Every structure is written in C-alpha cells, then in structure tokens.
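The values are calculated or read from the model by the stated rules, or taken from the named source; none is laboratory data. In this text, all values refer to a predicted model and were calculated from it rather than measured experimentally. Reconstructed Cβ throughout: ideal geometry from the backbone, glycine too, with neighbour counts over all protein chains shown. Remember, those area values only see protein heavy atoms, side chains included, never the ligands or the DNA or RNA. Shrake-Rupley method; radii C 1.70, N 1.55, O 1.52, S 1.80 Å.
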Amino acid sequence: MALTVYRERDANLPKLRNTPVAVVGYGNQGRAHALNLRDSGVSVSIGQREGAGFRQAELDGFEPMSIDQVVQQADLLIISLPDECAGEVYEKLVGPNLRPGQVLGFVHGFNIRYSFIKPPDHVDVIMVAPKGPGTLLRSSYEEGKGIPALMAIHQDASGHAKRIALAWAVGIGSARAGIIETTFAAETEADLFGEQVVLCGGISALTKAAFETLVDAGYAPELAYLECVHELKQVVDLLYERGLSGMREKISNTAEYGDVTRGTRVIGEESRQAMKKILADIRSDQFAKEWIDEYRSGGETFRSLHKKDEDTLYEQAGEQVRALMPWLNK
Ligand SMILES: NC(=O)c1ccc[n+]([C@@H]2O[C@H](COP(=O)([O-])OP(=O)(O)OC[C@H]3O[C@@H](n4cnc5c(N)ncnc54)[C@H](OP(=O)(O)O)[C@@H]3O)[C@@H](O)[C@H]2O)c1
C-alpha cells in the first residue's frame, strides 16, 4: 500500500499560531507537544489536575488550569491522558464543555478506535501520533530534527480537520521526518501489536527466557545479562540506522551464521501462531476490553504482574552491569 507522506510545505503553521491550543494532560507526550508547539510560535495552554504534571507545567513556564477550564477556552484540544483513564476524564470534564467548531486531537487512537470516547458530530476529531516517546519527541525537536508521526482524521465537521492536523504535526517537528497519513484503527491496532509482540512484551519475554537459560546452566548472572540484555542496544541501534542487511554487515560472520540458522528456531511457527492470536484479540476489541475492565476494577492483577518482575536476579544483574558504567545512571 502506497503511503501518503506530508512535509512542511503541505501545512499552514502560521494559521495554527492564531488558534488557541490546549494540551490536556502534561505527562510524557503532553509535555513534548506543549513545549514543541510553544517553541514553534503557537499559543498553548495546559489543562492539568493538581499534582506532578501541574508542578512540571509551572516549572516550564506555563500557568496550568483545570481541564474543564481549558476546554472552554481553547479551539484545538490535544488529549494526552493515559489511555485507560481518558474515557472517564472525557465524560466528566471534556465532553460536557465542548462547543461546535472545536477540534479534539488525540496522540494515540485507542479511545476513538474502541469507542470509549464518542465525540459529538459538531467537532473535528483528528490524531497526530508521533512514533516515539515524549522525551525523544522533545530532544529531537531541540536538535533541529524530528520523529515521524502518523496523522488521521476521524471526523471532519469543519472541513478544515486535515489542515489543522498537518499544522499541529509540523509544529511538533514531525514534518522534518515525515507525516504519514493513516486511520485511527490502523494506528491503534499496529501500535498495540508492535508493543505487545516486539517492543515491550516480546523483548521482555525473550531477554528473560534467554537470561534464565544461561543462569540455569551455571553461567554468572552478570555475564548472562551482558550477553542477552545489555548488548541488545548496540544491535538495535544498527538495525535502526541501517536495516537488517546493514546490521548483518556490521556483526561478525559467526554471529550472522548463528542468526540465519538459529533465529527461526526461537521464533518459529508456534510464535507466529501466538502473534496471530494476539492480533486477533486486538482487532476484535478483546484486549482493549480486558485492559479497561482491569483498570476500572482497581488494577490489582496489573500491579501484581508488575511487582513480580521487580527485584529478580535479572534486575539485580542489570544493576551490577550498569554500575560498571556510571554515565548510564541518568
Ligand atoms: N509515554 C510516551 O511517551 C508515549 C508514546 C507514544 C504514545 N503515547 C500515548 O500518549 C498518551 C498519554 O500517555 P503518557 O504516557 O504521556 O501519559 P502519562 O505521562 O502517564 O500521563 C499524562 C498526564 O495525565 C494526567 N492524568 C493521569 N491520570 C489522570 C486522571 N485520572 N485524571 C486527570 N489527569 C490524569 C497525569 O497527571 P499527573 O501528573 O497528576 O499524574 C499526566 O499529566 C497515551 O495515549 C499514550 O498511549 C505515550
């Protein structure tokens, strides 16, 4: 499928400079959107509950307001709340204060794709989802670079939804890397799949299983950690910068022979079937429903699974390895 990629020339950033913008939720993503847009000359206000995000917004020179207050003032509302609570915050503080002509902007499609948020017909609903963490979105902008963003239009009540989305994406620096047009459904489903199968779930399970295999066979935990976890970054950096073939050019022939003859033994047919099942659960809404039910019923299972991986031999070995390199201790 051919992708439509937009650049700076396709957008009208000066027009956004005349639009009051509010970032709702000053966390990882929200802070980066707010700071980048402000540095791009856009007038940004912050809607944030009392607490850590509120204090950070003040430290960054904003005068944060309550969420219902900014919703009444701004024309473009960038919702950057955690996915699991955005629905209930929207119900209480955003939805009741919306007026015709406003634009609801999302940084991820979850709540629209799964209908936890159902905006009225009289607002535009758009998404600009940068493909990376907020810290990188901010630091790359400051370096004069950017990270790619996915852009989508769910509802175009005004007839100007795309113009606004493009200007927002340019304002956060993403046009420097490319603004790719997609849909809320494709962004959400591919994002969840990537994080469950590779970026978070896959990598956690793979490195834990490999680490434990070496330790169970009698190797020192620190050695196992160095080989199966710590060095991952170096190989991932090569993959990021050069692709698979480019990465293989930079590793030894022994490493590459092991790669091409052994990799599919680890991730074989069984894993592919598991991936298909995970994708089916994402597409059928089963995962989203399970996650929101878990959050709304108190999150006990989530907390105990999180705790299970704390203070393990894997984590202790990691601490020992990182202690060798104090510069890693940010
Ligand atoms: N983490 C990333 O860089 C990243 C990357 C890609 C996409 N995203 C997407 O960006 C969105 C925001 O995620 P995030 O990681 O940036 O969120 P976050 O940092 O965990 O939190 C965002 C903000 O929401 C506020 N908040 C949390 N619970 C709230 C509640 N019940 N009522 C009102 N405000 C509440 C927090 O306030 P307090 O400070 O008071 O807790 C915080 O300021 C999500 O859709 C996520 O999928 C995030």
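See the values below:
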| quantity | calculated |
| --- | --- |
| Solvent exposure ordering (accessible area, 1.4 Å, most first) of Thr254, Thr213 | Thr254, Thr213 |
| GluC sites (Glu not before Pro) restricted to region 1-101 and DSSP loop, no more than 15 other C-beta within 10 Å | Glu50 |
| C-alpha long axis of helix 232-250 to longest principal axis of the chain, angle in ° | 80 degrees |
| 26 Å Cα-Cα threshold exceeded, pairs from Lys92/Lys145; Lys15/Lys145; Lys15/Lys92; Lys162/Lys277 | Lys92/Lys145; Lys15/Lys92; Lys162/Lys277 |
| Lysines with Cα under 16 Å of Lys208, excluding same-chain neighbours fewer than 8 positions away | Lys233, Lys307, Lys308 |
| Percentage relative contact order, the chain, counting C-alpha pairs under 8 Å, at least six apart | 15 percent |
| Virtual spin-label span in nm between Ala323 and Ala210, 7 Å along Cα→Cβ | 2.4 nm |
| Theoretical gain in end-to-end length, Leu305 to Asp121 [0.36 nm per residue, Cα-Cα removed] | 62.2 nm |
| Solvent accessible area, Å² - Ser43, 1.4 Å probe, full protein context | 70 Å² |
| Accessible surface of Arg322 - all protein chains present, 1.4 Å probe, nearest 10 Å² | 100 Å² |
| From the C-alpha gyration tensor of region 275-330, square roots of 5λ in Å | 34, 16, 10 |
| Quotient of C-alpha Rg and 2.2 N^0.38 Å, computed over region 192-328 | 1.23 |
| Accessible surface of the chain, 1.4 Å probe, proportion on carbon and sulfur as whole % | 53 percent |
| DSSP bridge orientation in region 5-182 - percent antiparallel, rounded to nearest 5 | 30 percent |
| Most to least packed among 67-76, 258-267 [average Cβ atoms within 10 Å] | 67-76, 258-267 |
| Neighbour-limited loop hits for GluC sites (Glu not before Pro), region 212-293 (at most 11 other Cβ within 10 Å; DSSP other than H, G, I, E, B) | Glu231 |
| Gyration tensor (Cα) of the chain, equivalent ellipsoid semi-axes in angstrom | 38, 23, 21 |
| Label-point gap, in nm, between Glu143 and Lys289 - each point 7 angstrom along Cα→Cβ | 4.4 nm |
| Between helix 269-283 and the chain: long-axis angle, C-alpha atoms, 0 to 90°, nearest 10 | 10 degrees |
| With all protein chains modelled, accessible area of Trp291 [1.4 Å, Å²] | 60 Å² |
| Probe 1.4 Å, accessible area per residue of the chain, Å² | 56 Å² |
| Degrees, to the nearest 10: 28-39 long Cα axis against longest axis of the chain | 50 degrees |
